[in-house]
Amino acid sequence: MPAAPQAAKGPPVNPIQAQKIASGGQGKGNAISELQAKLAKSGGLGFGGSGNQKSYIEQKTKGKAMPPKNEFKWLCHIDPDSGDVFYENIASGDTTWDRPNEPIKPHWLAHLDPDSGELYFENIDSGETSWEKPEEFSDPEEKWQARKEHSGNYVYENLETGKTSYECPPCFQEKVPEQEWVRHFDPNSGEYYYENLRTGLTTWDAPQGIQF
């Protein structure tokens, strides 16, 4: 739950709404960039730091049915000044710090796990984290947004220019280790065991075709 704002300061105004008012309702311009360009100052929320994140990243909310997309009433954003989550009414554009009781559209951010080189995903409203790609997500700075199509492929939109592409931008590219397998010495048995850096699998059997 975000901290209560000071009485003299209300939640941020939807920049898209403000841009439309200023321009008489015409065009998007750079309306998104002012509010969203300063997210994740330390590399993301929650699990933005270093360490073996994969060992404790897990889904916190499972089995909860999501409402149909057209029934979402609110969006959630991060205030770049305070780092708190606030909510925007889709119909009116009004914003509030208080979490509404009506359906909220999930807002997922993609983070790169430094140990595995893989992406994991964080729902900024619920705090849920997952290794599975959601249907829609953005990078921590919200410069790019990915959306899954019916074909199963993802299309990527530059939120500043509005241009779309099927080519994955660098912020969503995972790092593949030059060699997936590493060898460790077990002092108890005096033998070596092997770990796959991509999958986390460990085995006593030396992988075929790999030299150490």
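The values are calculated or read from the model by the stated rules, or taken from the named source; none is laboratory data. This is a predicted model, so every value here is computed, not measured. Cβ: placed from backbone, ideal geometry, glycine included. Neighbour counts: every protein chain shown.
Descriptive notes on the structure:
- Scanning the stretch 167-182 for residues that are at pLDDT 90 or above and either aromatic (Phe, Trp, Tyr) or surrounded by 10 or more Cβ atoms within 10 Å (Cβ to Cβ) (or both) yields Cys168, Pro169, Cys171, Phe172, Gln173.
- Test for Trp131: is it surrounded by fewer than 17 Cβ atoms within 10 Å (Cβ to Cβ), touching a helix residue (DSSP H, G or I) at 6+ places or on another chain (Cβ under 9 Å), of a type in the set (Phe, Trp, Tyr) and on the phi < 0 side of the Ramachandran plot: yes
- Considering the stretch 142-156, the residues that are surrounded by fewer than 17 Cβ atoms within 10 Å (Cβ to Cβ) and among the charged types (D, E, K, R) include one that is farthest from the chain's Cα centre (by Cα), namely Glu149.
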